[in-house]
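The structure appears below as structure tokens.
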Amino acid sequence: MTILTNMTLEQRIKILRRHFERKGYRVHSGLQFGCELVLYADDPDRVHSDFCVHLVDQQLDWRTMQTLARSMPDLHKTLILAHIKECGSDFVVEELAMATEHAPFRHKNVVKQVGEQFKKQKLDHIEADVKGPH
């Protein structure tokens with residue numbers, strides 16, 4: 001048996017978390033989106049997440065993949081299928097991004113880079129300062 005086979009789900013998710021943190025993402029639980037992880041390119045208070053990560057163990061059940069792939073456009077996210085492989089005494093994460101024609105904000109005909117999905121900020125006090133006294 002391999003080391004990976006004896007790992008719990010939580011231990012494998014921890015490997016995924018470290019992998020994406022090394023790439024510069026802020027990593028959070030993806031439970032609310034039906035995935036293991038959600039990736040943010042910046043502070044989650046400032047931007048929406050761009051990616052949902054699903055951990056694939058031995059095989060990917062086609063129903064699971066179909067469910068995830070169909071839900072991502074509504075969530076404005078790109079699905080990343082991630083598989084962990086042993087490489088000597090270390091682990092390698094293989095990624096497959098599954099985008100659709102309705103990937104994040106493509107319907108607006110504006111190309112958005114990762115991390116540019118900014119949340120709307122309350123600007124009432126700023127607009128009042130700009131307009132000045134009436």
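The values are calculated or read from the model by the stated rules, or taken from the named source; none is laboratory data. Not measured: the values here are computed from a predicted model. Here the Cβ is made from the backbone with ideal geometry for all residues, glycine too, and neighbour counts use every protein chain on show. All accessible areas refer to the heavy atoms of the entire protein, side chains included, with ligands and DNA or RNA removed. Shrake-Rupley method; radii C 1.70, N 1.55, O 1.52, S 1.80 Å.
Listed values, structure above:
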quantity	calculated
Solvent-accessible area, 1.4 Å probe, carbon plus sulfur percent, for segment 20-107	48 percent
In Å², nearest 10: area of ARG46 left accessible to a 1.4 Å probe	110 Å²
Largest-first principal axis extents, alpha carbons of segment 13-99, Å	38, 31, 19
Projected label distance in nm at VAL92 and TRP62, using a 7 Å step from Cα toward the beta-carbon	2.9 nm
